[in-house]
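Reading through the structure tokens given below for one structure.
The values are calculated or read from the model by the stated rules, or taken from the named source; none is laboratory data. Values in this document were obtained by computation on a predicted structure and should not be read as measured data. Here the Cβ is made from the backbone with ideal geometry for all residues, glycine too, and neighbour counts use every protein chain on show.
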Amino acid sequence: MRQRAINLARGVVRVEVMCRYPERFINLCASNNIEFWGMERADTGEVRAYFHTGGFKRLRELSAKHGFEVTRISRAGAPSLFGKLRKRYVLIAGVLLFVLATRALSLFVWDIRVLGNENVPSSLILENLKSLGFSYGTFGPGVKSEQLANKLILALPELSWFAVNISGCRADVLVRERTPRPEIIDVDAPAMVRAAKSGVITKISVLEGASAVTVGDTVQTGDLLVSGILDTRRGARRTAHALAEIEARTWYELSAEMTVETVVKRFTGEKKRRHSIIIAGKKINLYFNSSISWSDYDKIITEKFPPLPGGASLPIKLVTESFDKYEPVTTEQSRERVERTLREGLTARLREAVGDGEVRAVSWDVFEKNGVITVTLNAECSEQIAVSAPFTAQERASAGIQ
């Protein structure tokens, strides 16, 4: 395969040689370093063989001196192709213009992707970049990433880092969002500790303030746990920022229900396709009727960039919208599947409600009526329920705070 590619690059000529003594022809080629292969001898005395283009030209020069006749039967390879195209000036000019235009367009940004963002919308980032002069059609080599980063971070304080990687006509905008600052507790500001949830106190650890409850007490949400108003030895009062870690037994009752009957999709096999082209952010539809007469269908959008040799791509995005029609069909689920789905959902809700707390015991109740299954979760947990809160108006007045 490799040798065949080399031969085609150098050019291959199929030659017929008329000579009385073929041996003299072979010796002549050998003495003049003319390479040939695939030699055949006809019954009428002709010799046929393959030569490279350069060897064929040399052979024709020697044929007149040594009395044999050389006839070209066929030719193939790059020299033959270029020879055919030599007089097609318009075609050659068109190819050259296409290559130059593709090269020139690849120096501009025609596709922008935002990567690394979770909370800040990509549209907001692109909008701010456009106001800073970076958008579709921007000259890639002229982009100064550091200057752009400084301006963008000032415009979007939610970002802590920014960079632009440009490859051909595609730009990857890499961002890193700023980590929210932790809440700063002002330990000098007077505060009480209250119950974030109802429960029975199991453990108390007061860091600052006067405890208002003991182990075994039952408290409701919002009840005072640790007071920030302290009595001094001299009978006066002072205020403090009460801090404490208080654990309590808490209970949850969560319920969810689901019907046994459910609606599933049954695809009919009818499909429609709509094609469009996006150039520099502008969409050009390649269809006339944009309406879909079906009421129930799935829509899938695929995007492709026409590739070019060398890994480059054209500043064009081909978009295909696929519509698959389906009919909603009512079917009945198994009771076990419905119950399992409800249990998983309730378990996730409990885990979210408890947070860092511990789930100590769980029980389930399942009830079905008229095709509706109801699952109830009862759980006993151990949680941290202490939360600091500012003084109320009454407490401020009691402490003598203006």
(message) When you check ILE185 against the structure, is it under 22 Å from GLY355 (Cα atoms), in contact with a Ser or Thr (Cβ under 8 Å, 6 or more places away or on another chain) and either at pLDDT below 90 or not in a strand (DSSP E or B) (or both), yes or no?
(response) yes
(request) Go through (1) in contact (Cβ under 8 Å) with a residue 40 or more places away in the chain; (2) of a type in the set (A, V, I, L, M, F, W, C); (3) assigned to a loop (DSSP other than H, G, I, E, B) one by one and return the number of the condition ILE201 breaks. (result) (3)
(request) Could you please find all residues in region 306-353 being among the small types (Gly, Ala, Ser), modelled with pLDDT of 90 or more and either in a loop (DSSP other than H, G, I, E, B) or within 30 Å of VAL109 (Cα to Cα) (or both)? (result) SER322
(request) Those residues that are within 21 Å of ILE316 (Cα to Cα) and among the small types (Gly, Ala, Ser), I need them from region 103-132; list them, please. (result) ALA104, SER106, SER122, SER123
(request) Go through region 214-226 and give me each residue that's surrounded by fewer than 20 Cβ atoms within 10 Å (Cβ to Cβ) and either at negative phi or under 48 Å from the mean Cα position of the chain (by Cα) (or both). (result) THR214, VAL215, ASP217, THR218, GLN220, THR221, GLY222, ASP223, LEU224
(message) Exactly one of these conditions fails for TYR252: (1) more than 49 Å from the chain's Cα centre (by Cα); (2) surrounded by 15 or more Cβ atoms within 10 Å (Cβ to Cβ); (3) under 30 Å from ASP365 (Cβ atoms). Give me its number.
(response) (1)
(request) Select from region 43-74 the residues that are touching a Phe, Trp or Tyr at 6+ places or on another chain (Cβ under 8 Å), under 10 Å from VAL13 (Cα atoms) and either part of a strand (DSSP E or B) or at pLDDT below 75 (or both) and list them in ascending order. (result) ALA49, TYR50, PHE51, ARG72
(request) Give me the pairs, please: first residue somewhere in region 105-126 and on the phi > 0 side of the Ramachandran plot and in contact (Cβ under 8 Å) with a residue 24 or more places away in the chain, second residue anywhere and crowded, with 20+ Cβ neighbours inside 10 Å and not hydroxyl-bearing (Ser, Thr, Tyr), beta-carbon distance under 6 Å, and either six or more positions apart or on two chains. (result) GLY116/VAL175
(request) Out of PHE98, PHE134, report the one residue that is of a type in the set (Phe, Trp, Tyr) and part of a helix (DSSP H, G or I). (result) PHE98
(request) Give the residues of region 376-402 that are β-branched (Val, Ile, Thr) and modelled with pLDDT under 70, sorted by residue number. (result) ILE401
(request) Tell me which residues, restricted to region 369-400, are farther than 30 Å from ASP188 by Cβ, touching a residue at least 24 places away in the same chain (Cβ under 8 Å) and in a strand (DSSP E or B). (result) VAL372, ILE373, THR374, VAL375, THR376, LEU377, ASN378, ALA379, GLU380, CYS381, SER382
(request) Scan GLU127, GLU146 and give me the residue that is surrounded by 12 or more Cβ atoms within 10 Å (Cβ to Cβ), in a helix (DSSP H, G or I) and not assigned by TED's automatic domain parsing to the domain that holds LYS317. (result) GLU127
(request) Look through GLY133, GLY140 and report the one residue that is exposed (fewer than 14 other Cβ atoms within 10 Å of the Cβ) and of a type in the set (Gly, Ala, Ser). (result) GLY133
(message) If a residue must be surrounded by 15 or more Cβ atoms within 10 Å (Cβ to Cβ) and either free of Cβ contacts under 8 Å to residues at least 24 places away in the same chain or of a type in the set (D, E, K, R) (or both), how many such residues does region 237-249 contain?
(response) 2
(request) Please enumerate the residues belonging to region 317-336 that are among the polar types (S, T, N, Q) and more than 14 Å from VAL264 (Cβ to Cβ). (result) THR320, SER322
(message) What's the total number of residues in region 149-166 that are touching a strand residue (DSSP E or B) at 6+ places or on another chain (Cβ under 9 Å) and either in contact (Cβ under 8 Å) with a residue 12 or more places away in the chain or assigned to a strand (DSSP E or B) (or both)?
(response) 12
(message) Residues that are at pLDDT 80 or above and of a type outside the set (Ser, Thr, Tyr): list the strands (runs of 3 or more DSSP E) wholly contained in region 227-305 that include at least 2 such residues.
(response) 229-231, 243-259, 261-279, 282-285, 297-304
